[in-house]
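The next block holds one structure in the form of structure tokens; read it before the comments.
Taken together, the values in this text are just the output of simple stated rules run on the coordinates, not laboratory data. Worth saying up front: this structure is predicted, and the values here are computed from it rather than measured. Note that we place each Cβ from the backbone using ideal geometry, even for glycine, and neighbour counts take in every protein chain shown.
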Amino acid sequence: MIHIVGIGPGNPELLTAAGALLIQKADVLVGSKRQLGDIPPDNPAERKLLPSQLSELEAFLQERIGQEIVVLASGDPLMYGIGKWALERFPPEQLQIVPGISSIQYLCSRCGIAMNDLYITSSHGKQPDFGFLLAHPKVAMVTDSKIGPAEIAEEILQRKLRKTLIIGENLSYPEERLHRLKPEEVAARYDMNVVVILDEG
Ligand SMILES: C[S@@+](CC[C@H](N)C(=O)[O-])C[C@H]1O[C@@H](n2cnc3c(N)ncnc32)[C@H](O)[C@@H]1O
């Protein structure tokens with residue numbers, strides 16, 4: 001059985017009890033170096049570094065399907081994570097998706113932003129349709145190294161819109177930083193981040 005376990009934004013205290021139990025009972029744990037490094041050293045499971053190619057991960061999971069395999073997923077697996085990929089490849093009897101706290105949920109809690117009517121999107125591997133998404137009063141975006149806070153701010157400035165950006169860096173880690181900025185105040189680069197874009201109230 002494959003369990004895709006959402007581990008939350010990073011701090012192990014934010015892992016759900018259900019996720020922790022599956023990790024404890026796993027035969028195999030698959031995750032990034034950082035994720036596997038947070039697993040207690042006395043956990044006896046075999047550890048497999050997440051392959052860079054998803055086709056390689058698929059072959060590995062097929063080969064080990066009879067075992068209890070836990071794939072560690074950042075945040076919530078179905079919030080722009082590996083959950084969608086897994087749902088498209090494995091039948092329900094072989095797959096369990098265990099929700100986690102997404103980085104977007106966490107940032108909204110830290111900054112007191114209700115998620116009602118929040119439009120959620122991602123810039124991972126695609127050029128977002130800024131005309132469409134900036135028409136929304138409240139947007140949250142998981143970002144990547146190509147399109148992040150500076151590029152979003154530039155799109156807002158080009159359109160002369162009155163927006164505020166809430167940027168959450170390294171959320172839930174000791175190096176966490178939160179910023180509430182006007183587009184013209186946004187810096188060129190931030191560490192791993194999520195951005196909420198709000199109409200100026
Ligand atoms: C592939 S997406 C996965 C999102 C994840 N499924 C979630 O629910 O948070 C990776 C992106 O999530 C965001 N992210 C995940 N963890 C984060 C954290 N601790 N601090 C800031 N951003 C984070 C960043 O935008 C990162 O580039």
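Over the Cα atoms of segment 63-119, how large are the radius of gyration and the largest Cα-Cα distance (Dmax), in Å?
My reading of the Cα-based Rg and Dmax gives 14.3, 45 Å.
Quick check of the Kirkwood formula: for segment 2-101, what is the inverse mean of 1/r over all pairs of different Cα atoms, in Å? Intermediate results must be reported in sequence, preceding the final value.
On the way: mean 1/r = 0.0754 Å⁻¹.
Averaging 1/r across every pair of different Cα atoms and inverting gives 13.3 Å.
Rounded, prolate or oblate for segment 104-199? Axes are the square roots of the Cα gyration tensor eigenvalues, ordered a ≥ b ≥ c, and the cut-off for rounded is a/c under 1.5.
Details: a/c = 1.42, a/b = 1.22, b/c = 1.16.
Here segment 104-199 falls in the rounded category.
Compute the orientation-averaged projected area for the chain from the convex hull of its Cα atoms and round it to one decimal in nm². Please list the in-between numbers first.
Details: hull surface 47.5 nm².
Result: 11.9 nm².
In the chain, with Lys and Arg counted as +1 and Asp and Glu as -1 at Cβ, which of these residues, 147, 72, 83, has the Cα nearest the positive end of the dipole, that is, farthest along it?
Comparing the listed Cα positions along the dipole, 147 ranks first.
Regarding segment 24-82, what's the average projected area of the Cα-atom convex hull, expressed in nm²? Intermediate results must be reported in sequence, preceding the final value.
On the way: hull surface 17.1 nm².
Average of the hull's projected areas for segment 24-82 equals 4.3 nm².
Placing unit charges on C-beta atoms (Lys and Arg positive, Asp and Glu negative, everything else neutral), compute the dipole magnitude of segment 2-101 about its Cα centre in debye, rounded to 20.
Roughly 160 debye for segment 2-101.
Helix-only mean residue ellipticity at 222 nm, the chain, DSSP H runs n ≥ 4 weighted -39,500 (n - 2.57), per residue, nearest 500. What is it? If you can, show how the numbers build up before the last one.
Working: 7 runs with 54 residues, N = 201.
Computed mean residue ellipticity for the chain: -7000 deg cm²/dmol.
State the volume of the convex hull built on the alpha-carbon positions of segment 148-199, expressed per residue in Å³ and rounded to an integer.
Details: hull volume 3.2 nm³, N = 52.
Measuring per residue, one finds 61 Å³ for the Cα hull of segment 148-199.
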